1. Suppose the filter is hydroxyl-bearing (Ser, Thr, Tyr) and on the phi > 0 side of the Ramachandran plot; does residue 34 pass it?
2. Considering only region 8-32, how many residues are hydrophobic (A, V, I, L, M, F, W, C), surrounded by fewer than 10 Cβ atoms within 10 Å (Cβ to Cβ) and outside any loop (DSSP other than H, G, I, E, B)?
3. If you take the residues in region 37-52 that are within 18 Å of the chain's Cα centre (by Cα) and not aliphatic (A, V, I, L, M), which one is surrounded by the most Cβ atoms within 10 Å (Cβ to Cβ)?
4. Kindly check whether there is at least one residue in region 15-27 that is among the basic types (Lys, Arg) and modelled with pLDDT of 90 or more.
Amino acid sequence: MRRKYFADCYYQPCDRWTPRWDASSHATDTMLVYDVGVALANGRQLPGWQDSSEFKAICAHLAAAQ
């Protein structure tokens with residue numbers, strides 16, 4: 001059924017919600033994002049970029065300009 005859905009309906013007019021869908025993992029994903037947000041909000045240290053990240057230099061440049 002999954003293969004048929006992706007082959008025939010994914011991003012097609014028949015691609016719509018049905019009561020047969022199991023959305024329980026959506027709640028788990030939402031709780032994960034919430035928990036990360038709470039940990040960041042209550043933490044003592046701000047998150048940072050890894051040294052290999054292309055965004056680290058951009059953020060450093062923007063911070064220096066302020």
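The values are calculated or read from the model by the stated rules, or taken from the named source; none is laboratory data. Note that the structure is predicted; figures quoted are calculated from it, not measured. For neighbour counting, all protein chains shown are included, and Cβ atoms are generated from backbone atoms with ideal geometry for every residue, glycine included.
1. Answer is no for this residue.
2. Qualifying residue count, region 8-32: 1.
3. Among them, the one singled out is 49.
4. No - not one qualifying residue is present in region 15-27.
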